Structures are given as C-alpha cells and as structure tokens.
Ligand code: KG4
Ligand code: ZN
C-alpha cells in the first residue's frame, strides 16, 4: 500500500495554524479553497482564506440537469486554474500548503476522479498528507465552520441539495449516523424538474422560489409523501407527477378544457409548500427520535426563503437551536473540506491508494 509517509510534517505543525488546500469536484462545481486551522492541541478557529468555485451552470442549463460526461470534462479543464486561483487569492504559494483535502464520495465517478487525481498529485509532489473526506460530512460541518463560537454537535443534520435529501444523527463531526433519506429524487432535483415543467429555467430552485412568491401555496393540494408516517424517508416523485398532471391532465385522459389555464405561480407556490412541509416535519421527527436539540442544514435547497422561515418557526416553537450556514457555504464549495481539520487533529490521514466512491455511506465517518 502506498502510504502518505508525510505524517511527520502534519505533526510538526501540531500547535501551529496550518494552511490546507481543499478540493471539491463531486458533481458540477469545480472548487478549491485554502483554509487555515488548528493542529492538535490548538484551539484556533478555522478561517477561509480563499474559496473559488467555477460553476458549470452554462454547460448543463440546456439539458435541464447535470450531464456526467460533460461535468467530468469541464472539471479537467478547470481544476488546475481553480487551484492556482485559490492559492493566489489566499496570498500563499503551493509550497506553504501543509495538507491537501479532497471529497472522495458520494458523487459522479468521473467528476470525483478529477479532484482526487489532482489532490494525490499535489500530495505526492509537495510531500504533504492527503485527507479524504465525505462530501455529506463536509456539508454538515459547514455549520461549525460558519459558527465557530457556537456548539454545533451533537445535532441532527439534514443535507438537502440536487443530489441529496438525507438526515443524520451526528454525535460529533466524524460520527454521523444515517437516519433516513429519499427513496427516489432529491428535493433539489424535484425543484429542478418542476421548474423545467413550468418553463421556469435551470437551476430550478431559485426560479421556482421567485415564481412561488407570486402564487398561493394553498391553491393545489399536492401530496406530502410519508408525512404522517414514523419512518424517516422522503419521496418526491409522486409530487412531481402531481404537478405534471395538473399541467397536462392524466395520461389517457383528455385534459378537460379548463375554465382558466393553470396559474404557474400557484403551482410553484403549492409545490414549494409541499416540499417545505415534508422537510420540516421530518427534521422534527428526527429531533424527537434522537432527543437532540440542535439542527444543522446543508445543501443548496437551504437557500430557499420559505424553507428557512418554516425551519426558524419550528425551531423557536420546539426549543431547537438551528444552524444554517451562509449560502456560499451551503452550496457545493471546497470550504466543506474544513472537516479535514477534525481528521488531522485525530491523525487521520489517507493512504494514496484511496479510491472514489459514487454511493452514499450509511455512516460517513
Ligand atoms: O448543494 P448544491 O449547490 O449542489 C448539489 O446538488 O449538491 O444544490 C443545488 C440544488 C439545485 O437542485 C437547486 O435547484 C437547489 O439546490 N436550490 C434551491 C434554491 N437554490 C438552489 N432549491 C430551492 N430553493 C432555492 N432558492
Ligand atoms: Zn452537495
């Protein structure tokens, strides 16, 4: 086994602040960040010196979703300039970087491989430790990065994005246990698909939210899957179908000539409300089941104003401490690699023969 035989270097800066480079290429954002944080025994907080994200938005927009092959190729062309930019913006040189962190799961294999290859090359060339991290673990740790003065763990964590709608019970940053997740689409994916049905554009979340602001959330009684059930699971495919039928009528039926055509903002608002109700209710259940009193949210759907408002209302009603990082730390970005400091603190560096994993680990840590 090829091992990073550079752990000595990590130990050398135990009590000093050490700059690390973090790389994120799990899906369609090419991200690199330089973070400084504490070695073992230090109580310094983690600071983000630079956080560069090259979005592939334009490449995927016309397909209405992320095309894996296009994403992988775009990462290849962007990864080195993005890393360069992150190091320059941090005011450092590569030689000053003391470890390289990289998201190795879950995600699109072709995309993950680009980030991991870059990270391994840097670890080898610079003779510094490699630290692989789980993208979902990183999303949850963004709350601790954003609110260093507050105690975040133990907490229930919800990652809700274009690829994930997953609940965890997190005893600590590296002790996340899977509680339940979607059995079909992720909530963000449902926003994207519904936006496309409604002709609102891509990415769908912000477009649906803008349209919903002009509509009535009670205009259509859309399904809220599992909302009255004990199990911590989500399903959004029935909701998507309900939106489709509202627009086009059921298959085999001629859509009855409507007195007035469906009002797009009403559909957007009713759809959004259905998603929000389910997400908030399942967070409540997870909090009740675990007895935990803190809730942290990660992922792009956390940008949704109606969702934030509903979470805040639930949290103040139920006496829950709520953590929602600023938007640039909620969406995919390489500062999610701050979790690497928790690993460094425990001496957990990664052998250089580590591989990517497309799938979700039930217990990321
Ligand atoms: O975390 P993220 O940047 O990437 C991953 O999917 O991992 O999340 C992107 C997702 C997209 O599906 C997008 O439509 C959704 O987050 N999103 C929103 C909003 N802004 C972004 N969903 C609802 N409301 C929003 N304002
Ligand atoms: Zn993500």
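A compact table of results
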{"read-out": "Residue 148 vs. criteria farther than 22 Å from residue 75 by Cα, touching a residue at least 60 places away in the same chain (Cβ under 8 Å) and touching a helix residue (DSSP H, G or I) at 6+ places or on another chain (Cβ under 9 Å)", "value": "no"}
{"read-out": "Single match in 251, 265 (criterion: part of a loop (DSSP other than H, G, I, E, B) and either within 24 Å of residue 207 (Cβ to Cβ) or at pLDDT below 95 (or both))", "value": "251"}
{"read-out": "Any hit, the stretch 342-349, residues being within 16 Å of ligand 1 (Cβ to nearest atom) and surrounded by 14 or more Cβ atoms within 10 Å (Cβ to Cβ)", "value": "no"}
{"read-out": "Filter result for residue 100 (more than 16 Å from ligand 2 (Cβ to nearest atom) and either under 27 Å from residue 351 (Cα atoms) or buried (at least 22 other Cβ atoms within 10 Å of the Cβ) (or both))", "value": "yes"}
{"read-out": "Residue 116 within 12 Å of ligand 2 (Cβ to nearest atom) and either touching a residue at least 40 places away in the same chain (Cβ under 8 Å) or outside the structural domain of residue 301 (by TED's automatic domain parsing) (or both)", "value": "no"}
{"read-out": "Odd one out for residue 127 among (1) under 18 Å from the mean Cα position of the chain (by Cα); (2) touching a residue at least 24 places away in the same chain (Cβ under 8 Å)", "value": "(1)"}
{"read-out": "Count - residues of the stretch 163-191 that are touching a strand residue (DSSP E or B) at 6+ places or on another chain (Cβ under 6 Å) and surrounded by 24 or more Cβ atoms within 10 Å (Cβ to Cβ)", "value": "7"}
{"read-out": "Residue 91 being touching a residue at least 40 places away in the same chain (Cβ under 8 Å), surrounded by 22 or more Cβ atoms within 10 Å (Cβ to Cβ) and either on the phi < 0 side of the Ramachandran plot or not assigned by TED's automatic domain parsing to the domain that holds residue 195 (or both)", "value": "no"}
{"read-out": "Identity of the residue in the stretch 321-365, part of a helix (DSSP H, G or I) and farther than 18 Å from residue 296 by Cα, that ends up modelled with the lowest pLDDT", "value": "345"}
{"read-out": "Residue 276 vs. criteria without any contact (Cβ under 8 Å) to a residue 40 or more places away in the chain, buried (at least 21 other Cβ atoms within 10 Å of the Cβ) and out of contact with any strand residue (DSSP E or B) (no Cβ under 6 Å at 6 or more places or on another chain)", "value": "yes"}
{"read-out": "Enumeration of residues in the stretch 294-320 that are touching a residue at least 40 places away in the same chain (Cβ under 8 Å) and not in a helix (DSSP H, G or I)", "value": "294, 295, 296, 297, 298, 299, 304"}
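The values are calculated or read from the model by the stated rules, or taken from the named source; none is laboratory data. Predicted model only: the values in this text are computed from it and were never measured. Positions of Cβ are backbone-derived with ideal geometry, glycine not excepted, and every protein chain shown enters the neighbour counts.
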